[in-house]
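Heads up: the structure comes next, in structure tokens.
The values are calculated or read from the model by the stated rules, or taken from the named source; none is laboratory data. Bear in mind the structure is a predicted one, so any value in this text is a computation, not a measurement. Ideal geometry is used to build each Cβ from the backbone, glycine not excepted, and the neighbour counts take in all protein chains shown. Keep in mind that these areas ignore ligands, DNA and RNA; they rest on the heavy atoms of the full protein, side chains included. Shrake-Rupley method; radii C 1.70, N 1.55, O 1.52, S 1.80 Å.
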Amino acid sequence: VLQNLSQTPVLRELLKEAKMPGMTVKIESPELFMEPQLIKLDQPGPLTLAMYQFLTEMQETNKRVVTPKELFAQVCKKAIRFKGYQQQDSHELLRYLLDGMRAEE
């Protein structure tokens, strides 16, 4: 799941913009025939910052091993079911990760 997210350019760009508080992001959706939306971002939360840091590390070509230690710690704070390193489904991790980041908006 995290490798797939790291290869999502739109997500990486949004997180790069989101890490700067007070930034205004323009969201356009030609499929919905809506006018572009301007959204002013607040200070990102710890899960969002950990996700940004992790994706940045994944993109560095000189790193051989990247561990999502801080990101996982932040996910565990939002969803205690992940504590204890018991096996979980990847789609559950994705859901809790994205829901947690959305809750920090």
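Every condition in (1) without any contact (Cβ under 8 Å) to a residue 60 or more places away in the chain; (2) closer than 24 Å to PRO44 by Cα; (3) not β-branched (Val, Ile, Thr) is met by ASN62 except one, and the failing one is (2).
Filtered by the rule that a residue be loosely packed, with under 12 Cβ neighbours inside 10 Å, within 13 Å of the chain's Cα centre (by Cα) and not in a loop (DSSP other than H, G, I, E, B), region 79-105 gives ARG102, ALA103.
Taken over region 60-78, the criterion of being modelled with pLDDT of 85 or more and part of a helix (DSSP H, G or I) is satisfied by LYS69, GLU70, LEU71, PHE72, ALA73, GLN74, VAL75, CYS76, LYS77. Among residues of region 71-96 that are closer than 15 Å to GLY45 by Cα and of a type in the set (D, E, K, R), none has a beta-carbon under 7 Å from a residue that is at pLDDT below 80 and open to solvent by less than 50 Å² (accessible area, probe 1.4 Å) at least six positions away or on a different chain.
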